[in-house]
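I have placed the structure first, in the form of structure tokens, so that the comments after it can refer back to it.
Only the coordinates and a few stated rules stand behind these numbers; no lab work does. Keep in mind the model is a prediction, meaning the values are calculated, not measured. Positions of Cβ are backbone-derived with ideal geometry, glycine not excepted, and every protein chain shown enters the neighbour counts.
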Amino acid sequence: MKYFNFKILLFFLFFSAAYAQNNETPQDFLKKEFHSERREQLRAKLPKNSVAVFFANPIRNRANDVEYVYHQDPNFYYLTGYKEPNAMIFIFKENQTIGNRTFNEVIFVQERNERAEMWTGKRLGVAGVQDQLGFKVAYNRGEFKSYEIDFSKFDKILFENFKNDVRDTRESADLFDLIQVFKEKVSFDLINLNNPTNDKMYNETKKRIDTETLQKLMTSLREIKTKEELVLLKKAINISAIGQLEMMKAMNPKMSETEAQGVHEFVYKKYGAEYEGYPSIVGAGNNGCILHYVENNKVNIGDNNLILMDLGAEYHGYTADVTRTIPTNGKFTVEQKLIYDLVYEAQEAGIAAYKIGANMREPNNIARKIINKGLAELGIIATENSKHNYFPHGTSHHIGLDVHDPGNYEKFEENMVVTMEPGIYIPIGSTCDEKWWGIGVRIEDDILITKNGPVILSTMAPRKSEEIEKAMELPSALNDFKLPKLD
Ligand code: GLY
Ligand code: MN
Ligand code: MN
């Protein structure tokens, strides 16, 4: 009987601890097993007798003593799961033995520091990266300077060239210091000075240092999404598409671009997405013709305009990229609808070409042909072969940890996620009939490549012109959201 009670107590304690933890922070981040498996995949691709070196992203200053919200370098995050600055990792092709330790990777991270943590939050520290991220060999960043590693024994030292906005914060062993010490240890300056002398050390160092290959290896990993990544990416896309739908319901011509942006971003936060994956683009009328418009400050979007909204939620690192263009008053004008439906037709035809083995440039070519033909039929250009600037960008890029995720852009492969985003932009003053001026349309969806053909992941956002008009008739919870007037 006693024994039975003890078991119940243990059971209760275990689950209440797990429940308390579950309640505090999201539990659906990538697991440490994902990151270590990705390191194994990279190791398998490394040349023999080599080491790959990665640095955390720099901290970036916003103004005075305020920094931008820190965001980890995507490659570093992909391989480690570590979200703090001032860190570096070495991934060795073969086992290394130093003293009595044998290992094939080592990470240097920020040390625990009670005072710093009081200001900027908890750090994982060495014990944290061992327990939570599964690193067997981890050191405080300050230990790198005296860390004994003979780089001259490697045939290849692979790293990406250093970012040029790494600040010297005068803190010891910040990223600036880590890079300086690394440069010394690998004699980087010897080759960087482009030493004209043909001496032996220069030539040997130059042979050993490789700042080109690592990006290619990382691209070959990151362009194909694992099932764990797809869970997060699909969530980011669904959240973004729901943001578009909510905006369609809430839109009214008295809104400002800023307010429209806020509606999307509120929906993201409501679902627990931490950031926007890139600066939100919300442009009404002629502003929709500026491809990466980010001012989003038109106060009155007007009654008869289109509003182009290109936004993506970032959920646990993975970012969507979804664009919808809708009429501010809920009904497309004749000209707006003609242009919108032409872009839609181009997008549909392009998506049909998202097939395993197909050339990744093909959807862009297909969309361009349809748009050129349509523009000529509408009299906006003279013939379908006329040169013009109404569709000045490509249609297809990978998404993932980056909104423009790395890719080789050769053939579509299973489990790639690629945007399809044709557009037509006719700014005021264009050399066509004035009735088209100020119309800017982009439709952008996120497509998963599968054995059974393309799967559009952003379907929660209505896309056909008729569906958009219908969605805009739906009531919005924001209709009742009244705030006091300010002077
Ligand atoms: N939002 C940037 C892009 O569509 O590529
Ligand atoms: Mn895009
Ligand atoms: Mn976009």
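Taking the alpha-carbon centroid of each part, what is the distance from the range 65-88 to the range 254-270 in angstrom?
For the range 65-88 versus the range 254-270, the Cα centre distance is 27 Å.
Loop-only check: which trypsin sites (Lys or Arg not before Pro) in the range 370-419 are DSSP coil with at most 16 other Cβ within 10 angstrom?
Those that pass, being in a loop and sparsely packed, are LYS387.
Just need the relative contact order of the chain here, percent rounded to a whole number, with Cα pairs under 8 Å and 6+ apart.
12 percent
Taking the Cα centre of each part, how many Å lie between the range 354-397 and the range 103-169?
48 Å
For the range 382-487, what D do you get in µm² per second when you plug the Kirkwood radius from alpha-carbon pairs into Stokes-Einstein at 37 °C and 0.692 mPa s?
So the translational diffusion coefficient is about 186 µm²/s.
Considering every pair of different Cα atoms, what Kirkwood radius, in Å, is found for the range 236-320?
For the range 236-320, inverting the mean 1/r across all distinct Cα pairs yields 12.7 Å.
Is the chain rounded, prolate or oblate when judged by the Cα gyration tensor, a ≥ b ≥ c being the square roots of its eigenvalues, rounded requiring a/c under 1.5 and prolate requiring a/b larger than b/c?
prolate
If neighbour count is taken as other Cβ atoms inside 10 Å, put LEU478, LEU175 in order from fewest to most.
LEU478, LEU175
For the chain, find the longest principal axis of its Cα atoms and tell me its angle to the long axis of helix 2-24, 0 to 90°, nearest 10.
Taking the Cα atoms of the chain, the angle to 2-24 is about 50 degrees.
At 0.36 nm per residue, and after removing the present C-alpha to C-alpha distance, how many nm does the segment from ASN252 to LYS269 gain when stretched out fully?
Between ASN252 and LYS269, full extension yields 3.9 nm more.
Listed here are the pairs LYS83/LYS206; LYS136/LYS156; LYS337/LYS369; LYS32/LYS269; LYS269/LYS331; which of them are more than 22 Å apart at the Cα?
From LYS83/LYS206; LYS136/LYS156; LYS337/LYS369; LYS32/LYS269; LYS269/LYS331, over 22 Å: LYS83/LYS206; LYS136/LYS156; LYS32/LYS269; LYS269/LYS331.
Considering only the other residues whose Cβ falls under 11 Å of the Cβ of GLY121, what net charge follows from Lys and Arg at +1 and Asp and Glu at -1?
Result for the local shell: +1.
Leaving out same-chain residues fewer than 8 places away, which aspartates and glutamates sit with a Cα under 15 Å from that of LYS227?
Straight-line reach from LYS227, under 15 Å: ASP28, GLU33, GLU37, GLU413, GLU414.
The range 197-244 to the range 429-459: how many Å between their Cα centroids?
28 Å
Mind putting together the pair-distance distribution for the range 124-186? All Cα pairs, 10 Å bins, whole percent per bin, short to long.
Reading the bins upward from 0: 18, 40, 39, 3.
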